[in-house]
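The values are calculated or read from the model by the stated rules, or taken from the named source; none is laboratory data. Model, not experiment: these values are computed from the prediction. Note that each Cβ is placed from the backbone with ideal geometry, even for glycine, and that neighbours are counted across all protein chains shown.
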Amino acid sequence: MKLKTGLMAATALAMFGAPVLAADDTLDIVFINDGHVAPYHVAWLSGFEDAIKAYDEAFDDVKVTGRWLSAEGSLEKMIQQTEVTINEGPDVMFVNAINVDAFEPLVAKAQEAGITWIAVHSPMDSADYSFTLGDVVNGTNQGLAMCALSGGEPYKVAIMLGQAGNPSGEARHEGILKGIAACDNVEVVAEQPADWDTVKAQSIAENWLTQYPDLNAISGVTDGYMYPSIAIAMNGGRELDFYGYDGDIPILQQMTDGSVKADILLSGTREGWNFVQMAYRIHKGETPDKVYDFFTPLVLTEENHKVALANGFPEDVQVYYVDQALDVAAKGYLEFGPDSVK
Amino acid sequence: MPDLSRLMREKNIIFVTLALCLVFYMISPRFLSLDNMSAISRQIVPIGLIALGQFFVVLSGNIDLSMGMGSVLFAIVLGVFFGMTGGVALGIVAVIVCSLALGFFNGMLVAKLKLPAFIVTLSMLFCAQGLSGLIIPRGQQIFLMGGFFRFVGAEKFMGLYWSFLFLVALFALAWVVYNHTRWGAAVIAVGNSEENARLAGVNVDRVKIGVFMFSALCSGFAGIMLSTRMGFVQPGLDGNGLLLDGIAAIIIGGTLILGGRGTIGGAFWGLLFIGIINNALNLLNVEDVWHQVFKGAVILAALGANWILWQSRQVEAH
Amino acid sequence: MTERLDMLGIGKSFFATRALDDVNFSCTAGEVHALVGLNGAGKSTLMKILGGVYQRDEGEIRINNTPVEIAAPADAGRHGIAMIHQELSLIGELTVAGNIFLGKEIRHKGTPFMNKAEMARQVRAQLDRFGLALDPHRPVRELNSGEKQIVEIIRALMSDAWLIVMDEPTSALSEEDKEMLFDFIRRMKAEGIAIIYISHHMPEIFGIAEDVTVMRDGVIVLSERIAETSEDHVIKSMTGAELDQFVKPHKQITGKVVLSVDGLSSPGNYDGVTLGVHEGEIVVLTGLRGCGAPELAKAIFGLDAGYGGEVRYLDKTLKPGRGPAVAVREGMGLVTENRDKNGILPPLSVRDNIALPFLEKTLKGGLIDGARVDSIVAKAIRDTSTKTSSPDQEIRFLSGGNKQKICFSRWLDEDLKLLILLEPTRGIDVHAKADIYRIIEDLAGRGVGILILSYEIDEVLMLGDRVLTMYQGATIHEYAYPHFDKDRMLADMAGAGHTT
Amino acid sequence: MTTTTAAAPPRPRKAMDSLTQRYLVLIGLIVIASVGFSIANDNFYSLANLGILLRSIAVLFLVSMGMTFIMLTGGIDLSVGSNVAFSGGVGVITLTTTGSAPLGFAAAILAGMAIGAVNGVFIGRLRLSAFMVSLATFALARGLALVIYDANSINVSNTTFLWLGGQSWGSIPVVIPFVALVFVALSLVLYRSTFGRDVYAAGSNINTAFVLGRRPERTLVWVYVLSGALAGLSAIITVGRVSSGQPWTGLYLEFDAITAVILGGTSLFGGRGRLLGTILGVLLYGIIINGLVLTGTNPYLQSLIKGLILLGVVLLDTLVQRRQAQ
């Protein structure tokens, strides 16, 4: 009956997406994202949905409503969705713009209509707030971890990139290279963009394993690449290290048995919850930093952290151990739930 | 003289494929390594299944656009059942049942209501795409771990992947069915002239329903193979890419898109051709942006080459 | 026991039209029963009911006095009824044997696999029986139309049929092939097979049939033993009235030369043909099928490129491979022999079908003047007495004769200088034929040069101002009206006295 | 039962032209969808929203009109979506290097026509399968777009270049009257020019068209060039819309266009259909699909609805016609 409930839920969403029921105080949040398909997106959007529900239930004085829209990768669609949304006048808009320049006129229009605009990931000067990730720093941490865990021997790594030209992907890439540069035994033997596409990632991983019989590790700018890479290596009976980015729960779960060495705890769920928390705080009159940096620690196992520290990994880098990371990733409310603002 | 033109077509693609191999080998000797050959053999399995199913549909004068998204849907059906039961058997049964049902539905609409196959299967493409996201809770990915997936996806028999052996076995079976059973002759007849086939006593409706059920079943198999290769399933996989590669394979292999003419051998070589191009572009580190250019140009070149060959044959005939 | 078929009180309606009304038809094994009638008289409908293609609304079909149901073509086969359809109903991509056994392939015992060797052997045996050299393994698309007809007949024979329906079997056959066919039919008769023979051709019918049944407007108007009737009587029953005979008007050819062809050659098709067509003159090319005349006509029009020699039209030399567009712009027109393949535009209206070649002439300010098109179309319909409910009617719903008239009416505007006609009356009935002859003479009277290819000797004699006989690609003799010699012409066509 | 023999059953007295009937069905569905949306959401049919909606389907209008010409010839053009990206890229690069908006416009349209010409020559002159040829150019044009953009987007600030796609007069985007203008022009071409009649003729029976001296092989080339030109025009509008050139723009746009044209009653087999049907098809498709997109319906549900509408309309049409035939 999953299909039926899914249908009904979706229909309900379509029909009553923006209810205008009168309540004393309302907070309507719209999140316009560039996609809905990648595992990170899925976690992100469901974290957002869950948080909306939780906040609405937790606070009697405010009616919290919200919905997400997916532009399915099309800038054009995103602009239309933004225009329609501005017309409907929510309180807060999170926009993960595919191209920030195209949105400047819309930011002005939204602010005219009294809507708080929060630019997601790529900061905008004109926006009320920007929600950022610190991609270069995170990438550097991944690279540093690679150095520290490679064991000093010659270590060959292949890096799977985002879509060419994508700012997030390029910042992460830059960071990773910066981190790797800290030691000289790690050699980047191949780099290829997989366009955030898991299937493409699979072919690339397959070819790498053929082409570089002595490959030691695969690093990626998203955990989406890790799933097929791990499957391919496992099927091929190859022992490889993986360095992920995103904090997807299934990848975190693969850290304890060893194949995934390090990950960056963005976690879509956490980010979704953090959005709602941020919107609620703003609604209650708080003013966060204009550029709000999402707290994204590095994830390692405890042993590996110790090994890394012994190999000169900087002590000031914040590290979560796997259990803790899994906990906050699965339960976004631990960090960003209603209790965090009460 | 046994069907010279057919032979020419098949040989044509064989030569082109071998020449391509040589070129790639000269650029990167690793291309012809055993490892890479077996990697190609595994990569082509889902496309091959799509191509094989599509072959009979196209032969009968129809087209099945729902095969690519269908295979994504069926991979997810398998995943959903695996998630619920933790086992594979029920999931595979479900995939087979669902795919046959989809094929039957397509076939009925085409055969009985006389709707164009293009329209019916285009709408099924959209429906499959939608359902693939709706039957999986919140569109999440499902991990498929365990003996079956490892076995099909990674185990070898005499140096060849089981999945590739399955594909080859299916092609062989299809070859026998196509060349040595009444059904094969009936499909050709329907593709040539529905009216004439009907007059000769061929049950045209049953043939049409049959080819659509077979193509849907193939997309079911392709879905299973996709899932074993990836180790996980998720909606939003690029089914249309698979579909278009599959169609390209059989057309390059000499199947007439209007139906009525084609060979299984040709389809297989066309498949290798597509598989080799896909693999080589990655392996030779061709810059990503050039992949599509190269692929489009190669298909155009293959079409042009076929045309020149055809022209020269026309001249000979005079 | 002698098998017999009775169709009793058969009725069939399509929508509001009564196609068959209380039709009684019988035939017996060992005899040929001719079924004749104009196009649309209902004979094909009747046979399609017998063949399981259509379902009857009323009546009963009995075989040997037992009522039977024929719901699908396969049922007809089970009852020993085989059909040879007017349009060849073969599958080009299958082999001769594959076609003959389509739908009833022989299998290896206990397996689903076909026994191709056995099927080929059986076909071989049948072919040998009639002394035919044809490879059972050849794909049918490589055969010529005579060979295809043979395959159709062998298929009917091998289906163990006791009754074979032949729907205008000679329409695509050469004279030699026709003789072979009649030989076939006689032998089948001797073997106790019943044949229903549909044809327009009186000589064929009176040469081979024992019975004749005439249909008109969905009812049977005559059913007689051949011995007890006459050609005139049969024709009168078909048309329901005296046929107003077409009489060739007398005329004097004085105009300029429109077309002159000099030493035209194309290897394997025609060789060194020289001819000329004057204004207002009707020149007829005739011969047997395969004589090269249609290829010649197509080359003149610009459809074929690979020829040597010269084509001069209105004092200009036409280059090979120029395509027909040049010729059409200069007032040349062509009516092809195969309407459905390249004569009509099926989804389009009568208006669009007629207007297409002369659209450029109706332009006003760069746009098509609809009123002008309408008036030209209306005139064309009137002049050819085409029967259509309106110019907006889609052409595919018209009868063969009316479609053919539309193929003519496209060219009737005043700029036409030369009209090439390939088998202008193929497959149309006597009424439409007379109309078409009249149209041709009218055009000639207006000064249009006309080049006709015809295989029907009576038509040749009736229409030609000048007749050229052809044999194996070469012109044999030229005859000028009224000095026609039918016997010599036939001898020319058959290659008598011709050394190769 | 279909039969092409001379003894085809006479046609029933036609109650209504089958295309007219399809148009009534479409209009009915458009009305139902409109009412449904305005009940569900007060804001949906505000003038501003209507403007956004129409603008969002402007490109689909243009591309679908080109596709109508192509499908009237019995062909198909899978390359239009990629072509929008490619010709946009050429236009934007020309604009940024020369700084001249008119040159940019010309370059975009010429680039679109170039891809169309490749299609046209292979399909019209060499008589190769339209499906296959345009499948190849589908990959080729997308690849070229990625190459010339180097997979990056390029920002555009030239106001002249952005005018067509970006400017609005009040709530009415400039592009809407522009699309209407193109519709009128193309209608004149299709119904009142010899080229238009040749399009129908080539799709009805290419052999006959050839014998009648209509040069259908040329007609085919020009039809694909026209579709390419419309893709180029769409590219200009798209760039104006998003004030940048995007290499991935127009992905699978051809599927939407084909769907809209089929909805509009144009036959896949050529020779039958009208531009008006395509307009209605795009409107229905646009209102429902874009309505759902803009209001944030689950994208998977959108796909499902898309499929069901396509199947539903065609099925309804067939059933109604069958009923009339009885």
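Tell me whether segment C:480-495 contains one or more residues that are over 17 Å from C:Ile420 (Cα atoms), part of a loop (DSSP other than H, G, I, E, B) and acidic (Asp, Glu).
For segment C:480-495, residues over 17 Å from C:Ile420 (Cα atoms), part of a loop (DSSP other than H, G, I, E, B) and acidic (Asp, Glu): present.
Any idea which of D:Ala257, D:Ala235 is buried (at least 24 other Cβ atoms within 10 Å of the Cβ), within 12 Å of the chain's Cα centre (by Cα), at pLDDT 90 or above and more than 9 Å from chain B (Cβ to nearest Cβ)?
Step by step, each of D:Ala257, D:Ala235 is checked, and only D:Ala257 is buried (at least 24 other Cβ atoms within 10 Å of the Cβ), within 12 Å of the chain's Cα centre (by Cα), at pLDDT 90 or above and more than 9 Å from chain B (Cβ to nearest Cβ).
Inspect segment C:56-74 for any residue being of a type in the set (Lys, Arg), facing chain B (nearest Cβ under 10 Å), closer than 22 Å to C:Leu8 by Cβ and surrounded by fewer than 17 Cβ atoms within 10 Å (Cβ to Cβ) and give the result as yes or no.
no
Tally time: how many residues in segment D:195-212 are surrounded by fewer than 22 Cβ atoms within 10 Å (Cβ to Cβ) and either at the interface with another protein chain (Cβ under 7 Å from one of its Cβ atoms) or of a type in the set (A, V, I, L, M) (or both)?
2
Is there a residue being charged (D, E, K, R), more than 21 Å from the chain's Cα centre (by Cα) and part of a helix (DSSP H, G or I) anywhere in segment B:18-33?
Scanning segment B:18-33, I find at least one residue that is charged (D, E, K, R), more than 21 Å from the chain's Cα centre (by Cα) and part of a helix (DSSP H, G or I), so the answer is yes.
How many residues are farther than 23 Å from C:Met188 by Cβ, buried (at least 19 other Cβ atoms within 10 Å of the Cβ) and either of a type in the set (Gly, Ala, Ser) or more than 11 Å from chain B (Cβ to nearest Cβ) (or both) when one looks only at segment C:93-115?
Number of matching residues: 1.
What pairs come up if the first residue lies in segment B:284-296 and is more than 7 Å from chain D (Cβ to nearest Cβ) and outside any helix (DSSP H, G or I), the second is surrounded by fewer than 15 Cβ atoms within 10 Å (Cβ to Cβ) and among the β-branched types (Val, Ile, Thr), and their beta carbons are under 7 Å apart, counting only those six or more places apart or on different chains?
Every condition considered, the pairs that remain are B:Leu284/B:Ile27.
State whether one or more residues within segment C:160-174 are outside any loop (DSSP other than H, G, I, E, B), modelled with pLDDT under 80 and among the acidic types (Asp, Glu).
Checking segment C:160-174: not a single residue is outside any loop (DSSP other than H, G, I, E, B), modelled with pLDDT under 80 and among the acidic types (Asp, Glu).
Go through segment D:89-138 and report how many residues are in a loop (DSSP other than H, G, I, E, B) and either buried (at least 23 other Cβ atoms within 10 Å of the Cβ) or within 14 Å of chain B (Cβ to nearest Cβ) (or both).
Residues meeting the conditions: 4.
Taking into account only those residues within segment D:309-321 that are within 7 Å of chain B (Cβ to nearest Cβ) and in contact with a Ser or Thr (Cβ under 7 Å, 6 or more places away or on another chain), which is modelled with the lowest pLDDT?
D:Leu310
Which of the residues that make up segment D:206-251 are in contact (Cβ under 8 Å) with a residue 60 or more places away in the chain and not in a helix (DSSP H, G or I)?
Residues satisfying the conditions are D:Ser243, D:Ser244, D:Gly245, D:Gln246, D:Pro247, D:Trp248, D:Thr249, D:Gly250, D:Leu251.
In segment C:95-122, what residues are closer than 13 Å to B:Gly184 by Cβ and in contact with a strand residue (DSSP E or B) (Cβ under 7 Å, 6 or more places away or on another chain)?
C:Thr95, C:Glu105, C:Arg107, C:Pro112, C:Phe113, C:Met114, listed by residue number.
Considering only residues that are hydrophobic (A, V, I, L, M, F, W, C) and over 20 Å from the mean Cα position of the chain (by Cα), which ones fall in segment B:106-126?
Within segment B:106-126, B:Met108, B:Leu109, B:Val110, B:Ala111, B:Leu113, B:Leu115 meet the criteria.
Inspect all residues belonging to segment B:82-95 and state whether any of them is assigned to a helix (DSSP H, G or I), within 26 Å of D:Ser267 (Cα to Cα) and without any contact (Cβ under 8 Å) to a residue 40 or more places away in the chain.
No - not one qualifying residue is present in segment B:82-95.
Specify which of the listed residues (C:Ala305, C:Ala297) is among the small types (Gly, Ala, Ser), touching a Leu at 6+ places or on another chain (Cβ under 7 Å) and within 13 Å of another protein chain (Cβ to nearest Cβ).
C:Ala297
Got a sec? Which of B:Leu125, B:Leu109, B:Leu65, B:Leu73 is free of Cβ contacts under 8 Å to residues at least 60 places away in the same chain and within 14 Å of chain D (Cβ to nearest Cβ)?
B:Leu109
Within segment D:181-204, can you find the residues that are among the hydrophobic types (A, V, I, L, M, F, W, C) and either free of Cβ contacts under 8 Å to residues at least 40 places away in the same chain or closer than 14 Å to D:Thr73 by Cα (or both)?
Within segment D:181-204, D:Leu181, D:Val184, D:Ala185, D:Leu188, D:Val189, D:Leu190, D:Phe195, D:Val199, D:Ala201, D:Ala202 qualify.
Scan (1) touching a residue at least 60 places away in the same chain (Cβ under 8 Å); (2) among the aliphatic types (A, V, I, L, M); (3) surrounded by fewer than 17 Cβ atoms within 10 Å (Cβ to Cβ) for the single condition C:Ala172 breaks and write down its number.
Single failed check for C:Ala172: (3).
It is to be established whether one or more residues within segment C:42-54 are away from every other protein chain (no Cβ under 12 Å) and without any contact (Cβ under 8 Å) to a residue 24 or more places away in the chain.
Checked against the condition, which is being away from every other protein chain (no Cβ under 12 Å) and without any contact (Cβ under 8 Å) to a residue 24 or more places away in the chain, segment C:42-54 yields no hits at all.
I'm checking my understanding of the structure. Among residues of segment C:341-352 that are assigned to a helix (DSSP H, G or I) and either within 21 Å of the chain's Cα centre (by Cα) or among the hydrophobic types (A, V, I, L, M, F, W, C) (or both), which one is nearest to the other protein chains (Cβ to nearest Cβ)?
Looking at the filtered set, the residue picked out is C:Asn342.
Just the residues that are without any contact (Cβ under 8 Å) to a residue 12 or more places away in the chain and either in contact with a Leu (Cβ under 6 Å, 6 or more places away or on another chain) or away from chain A (no Cβ under 14 Å) (or both), please, taken from segment D:146-169.
Selection gives D:Trp169 alone.
Could you tell me which numbered condition C:Ala378 fails, if it satisfies all but one of (1) surrounded by fewer than 17 Cβ atoms within 10 Å (Cβ to Cβ); (2) within 30 Å of D:Ser18 (Cβ to Cβ); (3) at the interface with chain D (Cβ under 10 Å from one of its Cβ atoms)?
Evaluating C:Ala378 over (1) surrounded by fewer than 17 Cβ atoms within 10 Å (Cβ to Cβ); (2) within 30 Å of D:Ser18 (Cβ to Cβ); (3) at the interface with chain D (Cβ under 10 Å from one of its Cβ atoms) leaves (3) as the failure.
Name the helices (runs of 4 or more DSSP H) wholly within segment A:127-239 that hold at least 1 residues that are within 14 Å of another protein chain (Cβ to nearest Cβ) and closer than 30 Å to A:Glu72 by Cβ?
A:167-180, A:198-211, A:226-235
Taking A:Thr116 as the residue in question, decide whether it is in contact with a Ser or Thr (Cβ under 8 Å, 6 or more places away or on another chain), over 27 Å from A:Leu298 (Cβ atoms) and either within 14 Å of chain B (Cβ to nearest Cβ) or surrounded by fewer than 23 Cβ atoms within 10 Å (Cβ to Cβ) (or both).
It is false that A:Thr116 is in contact with a Ser or Thr (Cβ under 8 Å, 6 or more places away or on another chain), over 27 Å from A:Leu298 (Cβ atoms) and either within 14 Å of chain B (Cβ to nearest Cβ) or surrounded by fewer than 23 Cβ atoms within 10 Å (Cβ to Cβ) (or both).
Among the residues of segment D:260-284, what is the count of those that are more than 14 Å from chain C (Cβ to nearest Cβ) and either assigned to a loop (DSSP other than H, G, I, E, B) or not hydroxyl-bearing (Ser, Thr, Tyr) (or both)?
The total comes to 14.
Give just the number: which of (1) of a type in the set (A, V, I, L, M); (2) modelled with pLDDT under 90; (3) closer than 28 Å to D:Ser153 by Cα; (4) buried (at least 21 other Cβ atoms within 10 Å of the Cβ) does A:Val221 not satisfy?
The single condition A:Val221 does not satisfy is (2).
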